[in-house]
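Here is the structure we will look at, set down as structure tokens.
The values are calculated or read from the model by the stated rules, or taken from the named source; none is laboratory data. Remember, it's a predicted structure, so these values are computed and weren't measured experimentally. We place every Cβ from the backbone using ideal geometry, glycine too, and count neighbours over all the protein chains shown.
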Amino acid sequence: MAHPHLIQTFNEVMQSVYQAPGISLIFVVGATGVGKTTLLRRLEQKLTEKALPELKHNQGKVPVIGLEAKAPEFSQFDWKDFYIRLLKVLNEPLIEKKISYGQSCSSWRSAVESALIHRSPDAFYIDEAHHLAMLPSGRKLKDQPETLKSLANLTQVKIIPTGTYDLLPLIDLGYQLCRRSKTIHFQRYHAENSQEAKAFKSVVQTFSQYLPLSQQPDLLSNWEFLYERSLGCVGILKDWLSVTLNDVLDSDINARTITLSDLQRHALGVRQCLVMLKSIRIGEQQLQDSSEDLLNLQKGLKLVPLAHGNAQRKHSQSKKDKKNTHSPIAQSTPRRYPLKKQELEKEDKETDSFHSF
């Protein structure tokens, strides 16, 4: 189902695909179970709909292609296997006749480039892309996103690596990659935020309405427990409700509703939630821009010293203005002086004559 964070992330990805010509890689990062699979399914559907007019004239076009990055068996991502499976997804004819399986990885790479150019997809998404970061040594970590960037540039296809926060080590590994890539954070819901808590409750209410039961379960009254064991991730909540529903209907085909005890029986354990929450918080912190990072950026651009210098100049100018308020040298300050004796007598006579008048 569509919910605010899913809609926001989907719109950002679509905008990056069609309205960001300088972007080659669009990284989509989020917690496990946040709803990335649903996002990719909606993305595939929408891209296909938008390409329908063009497909009438170019029947060889594939609007969007997707592939799951396979986890390596020996801590070494296999690019050759990745290229072979990609060619199969592209429905490349007579793959075995064109290239022998014993040939080098570069031959398979050339075949992939040619296939992508001819199929001209608008986007190519890689699910479970964090498997690309599984390497025996960190020295070759930069090669992984650079390979994808090169493939995107040569074929003019936007590549969308999607994965958990384990994908973060592949992001921002060089200035060229920073310029040619964009990172989109698919966030979970945070209960401490009143607006997000309200949105999560709305999701819970919607799920309760669509469950195929004769009596609608009162999930909303237990929303805190649902949030606790789903960590605010809609994908986890959806799978949890599906497993619970299947179990209840298997036990009694005429079951009317789902109870709290049914939900508790199939909920994730507390320790499991703690392990997942720890990993999620670390990833969320890495994606947040800290004030220290901002200060380092401003210092690097010489913006902080300039502002500091302006403040110093204003301070010294105000001091100078205060000094200028003092009287100039050799000029006395205005004050009353005592009159001489003759002037006092004269003033007394004038006063007496005034009174007599």
*Go through region 40-69 and give me each residue that's assigned to a loop (DSSP other than H, G, I, E, B) and closer than 21 Å to Gly163 by Cα.*
Ala69
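From the list Ile184, Ile160, Ile171, pick out the single residue that is touching a Pro at 6+ places or on another chain (Cβ under 8 Å), among the β-branched types (Val, Ile, Thr) and closer than 30 Å to Lys278 by Cα.
Details: Ile184 fails: touching a Pro at 6+ places or on another chain (Cβ under 8 Å); Ile160 fails: touching a Pro at 6+ places or on another chain (Cβ under 8 Å).
None of the others qualify; the one that does is Ile171.
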*How about region 5-39: which of its residues are among the hydrophobic types (A, V, I, L, M, F, W, C) and more than 18 Å from Leu170 (Cβ to Cβ)?*
Leu6, Ile7, Phe10, Met14, Val17, Ala20, Val34, Leu39
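Only one of these is in contact with a helix residue (DSSP H, G or I) (Cβ under 7 Å, 6 or more places away or on another chain) and surrounded by fewer than 19 Cβ atoms within 10 Å (Cβ to Cβ): Leu241, Leu226, Leu220, Leu213. Name it.
Leu220
Going by what's in this entry, would Val243 be described as in a helix (DSSP H, G or I), modelled with pLDDT of 85 or more, in contact with a His (Cβ under 6 Å, 6 or more places away or on another chain) and within 30 Å of Phe207 (Cβ to Cβ)? Spell out the reasoning first.
On the way: in a helix (DSSP H, G or I): yes; modelled with pLDDT of 85 or more: yes; in contact with a His (Cβ under 6 Å, 6 or more places away or on another chain): yes; within 30 Å of Phe207 (Cβ to Cβ): yes.
Judged against the criteria, Val243 is a match.
Does Thr37 fit the bill of being part of a loop (DSSP other than H, G, I, E, B), under 17 Å from the mean Cα position of the chain (by Cα) and either surrounded by fewer than 15 Cβ atoms within 10 Å (Cβ to Cβ) or not hydrophobic (A, V, I, L, M, F, W, C) (or both)? Please lay out each step first, then the result.
Working: part of a loop (DSSP other than H, G, I, E, B): no; under 17 Å from the mean Cα position of the chain (by Cα): yes; either surrounded by fewer than 15 Cβ atoms within 10 Å (Cβ to Cβ) or not hydrophobic (A, V, I, L, M, F, W, C) (or both): yes.
No, not satisfied.
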*Selection from region 1-11 of residues that are free of Cβ contacts under 8 Å to residues at least 40 places away in the same chain and crowded, with 16+ Cβ neighbours inside 10 Å*: Phe10
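Here's the yes/no breakdown for (1) free of Cβ contacts under 8 Å to residues at least 60 places away in the same chain; (2) within 20 Å of Asn11 (Cβ to Cβ); (3) in contact with a Phe, Trp or Tyr (Cβ under 8 Å, 6 or more places away or on another chain); (4) surrounded by 20 or more Cβ atoms within 10 Å (Cβ to Cβ):
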site	(1), (2), (3), (4)
Ile159	no, yes, yes, yes
Gly174	yes, no, no, no
Cys178	yes, no, no, no
Ser181	no, yes, yes, yes
Glu192	yes, no, no, no
Ala197	yes, no, yes, no
Lys201	yes, no, yes, no
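Restricting to strands (runs of 3 or more DSSP E) lying wholly in region 110-216: which have 2 or more residues that are within 17 Å of Trp79 (Cα to Cα)?
123-127, 158-163
Scan Ala51, Ala69, Ala129 and give me the residue that is touching a His at 6+ places or on another chain (Cβ under 7 Å) and either modelled with pLDDT of 90 or more or of a type in the set (Asp, Glu) (or both). Write out each step before concluding.
Details: Ala51 fails: touching a His at 6+ places or on another chain (Cβ under 7 Å); Ala129 fails: touching a His at 6+ places or on another chain (Cβ under 7 Å).
Result of the check over Ala51, Ala69, Ala129: Ala69.
Which residues, taken from region 12-31, are part of a loop (DSSP other than H, G, I, E, B), touching a residue at least 24 places away in the same chain (Cβ under 8 Å) and over 14 Å from the mean Cα position of the chain (by Cα)? Let's see the steps before the verdict.
Taking region 12-31 as the starting set, the residues that turn out to be part of a loop (DSSP other than H, G, I, E, B) are 20-24, 31.
Still in the running and touching a residue at least 24 places away in the same chain (Cβ under 8 Å): 20, 22-24, 31.
Ala20, Gly22, Ile23, Ser24, listed by residue number.
Does Lys149 satisfy being within 30 Å of Ser114 (Cβ to Cβ), at pLDDT 90 or above and assigned by TED's automatic domain parsing to the domain that holds Glu68?
Numbers: within 30 Å of Ser114 (Cβ to Cβ): yes; at pLDDT 90 or above: yes; assigned by TED's automatic domain parsing to the domain that holds Glu68: yes.
So Lys149 fits the description; yes.
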